[in-house]
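These notes concern the structure reproduced below.
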Amino acid sequence: MDFVEYPDREVLLLDLANRIAGELRAALDTRERVSFCVPGGTTPGPVFDALSDLSIDWDRVDVLLNDERWVPESSERSNTALLKNRLLVGKAAAARLVPLYRDVPTPEEGLEALMPAVEATLPINVLLLGMGTDMHTASLFPGADQLELALSDRAPVLLAMRAPGVAEPRITLSAKALRTALCTHVLIVGEDKRAALEAAAGRDPKDAPIAAFLPEATVHWAA
Ligand SMILES: O=C(O)[C@H](O)[C@@H](O)[C@H](O)[C@H](O)COP(=O)(O)O
């Protein structure tokens, strides 16, 4: 694991946005389309704002979420709405969004229709992950109903996921799909997340799911 500590969040977001832009541009030099897989939640918005202003051949970039809460875009908890409002604007409006949500009652009913387009984005060129203080990433929560399958070699690309204390059903890329990434970054801020990250390193991913990604990841942190 590579751990990068920044003097403040502003420096972090600008530096990380530039680094990701460099990786996307380098990938675009050698292939027609590239994929960029991103977290939802509250932390990545400022990185999305910075990235959306950078010059990249966005019309050749497929953007997809790590995971989605099974709520319509009108919900303030929709990660898709976050992407549309914060990343897929400005220069990045030209990127193609690969959806992780359909207007059907459950993720199980939406999975199959969503799967082929997600599969077509693999291997992921650039992966950005978030993390909760419970050490979950994407919707790979400790104690989640399908965590074992999602962490296994026989995992499908997408799974429905339910976990104790998690408000709504989720859909998530499996660890196997996420681990196809050629570049992996983890974005965390605050002392509590740093402590959780340090506690997760080297642990069994069943207890600390972020641990499945740390050996190949660069972690970006500011207080
Ligand atoms: O839909 C989600 O919730 C995310 O994709 C999730 O994995 C997120 O990255 C972490 O929960 C951290 O969330 P915060 O940035 O809000 O702390």
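FYI, it's all coordinate maths here, none of it is from the lab. Note that the structure is a prediction, hence the values are computed from the model and not measured. Here the Cβ is made from the backbone with ideal geometry for all residues, glycine too, and neighbour counts use every protein chain on show.
With both residues required to sit in the chain, DSSP beta bridges show an antiparallel share near 25%.
With the charge dipole of the chain set up from +1 on Lys and Arg Cβ and -1 on Asp and Glu Cβ about the Cα centre, the Cα lying farthest toward the positive end among the listed residues Leu83, Pro142, Met1 is that of Leu83.
Normalised by 2.2 N^0.38 Å, where N counts its residues, the alpha-carbon radius of gyration of the range 86-159 equals 1.27.
The tail of the calculated P(r) for the range 39-87 beyond 12 Å holds 64 percent of all Cα-Cα pairs.
What's the magnitude of the charge dipole for the chain around its Cα centre, counting Lys and Arg as +1 and Asp and Glu as -1 at the beta-carbon? Answer in Debye, nearest 20.
260 debye
Considering only Gly190, Gly41, Gly132, the mean-square fluctuation computed in a Gaussian network model of the chain, springs between alpha carbons under 10 angstrom, is largest for Gly190. Between Val157, Val38, Val63, the residue with the greatest mean-square fluctuation in the GNM of the chain (Cα pairs under 10 Å linked by springs) is Val157.
Whole angstrom only: what separates the Cα centroid of the range 1-50 from the Cα centroid of the range 105-149? Between the Cα centre of the range 1-50 and that of the range 105-149, the gap is 19 Å. Prolate is the label for the range 102-223, because a/c, from the alpha-carbon gyration tensor with a ≥ b ≥ c as root eigenvalues, is 1.5 or above and a/b exceeds b/c.
Taking Glu109, Glu32, Glu198 in turn, the Gaussian network model of the chain (Cα-Cα springs below 10 Å) assigns the largest fluctuation to Glu32. If you wrap the tightest convex hull around every Cα atom of the range 1-128 and split its volume per residue, you get 116 Å³. Calculated on the alpha-carbon coordinates, the convex hull of the range 154-223 measures out at 111 cubic angstrom per residue.
Counted by Cβ distance under 15 Å from Arg60, the other residues give a net charge of -1, where Lys and Arg count +1 and Asp and Glu count -1.
For trypsin sites (Lys or Arg not before Pro), the sites in the range 19-113 that DSSP calls loop and that have at most 12 other Cβ atoms within 10 Å are Arg31. What's the whole-number percent of alpha carbon pairs in the chain lying beyond 23 angstrom? The answer is 42 percent, as a whole percent. Across the options Ala208, Thr106, Val126, the greatest Cα extent toward the positive end of the charge dipole of the range 93-223 (unit charges at beta carbon of Lys, Arg, Asp, Glu) belongs to Val126.
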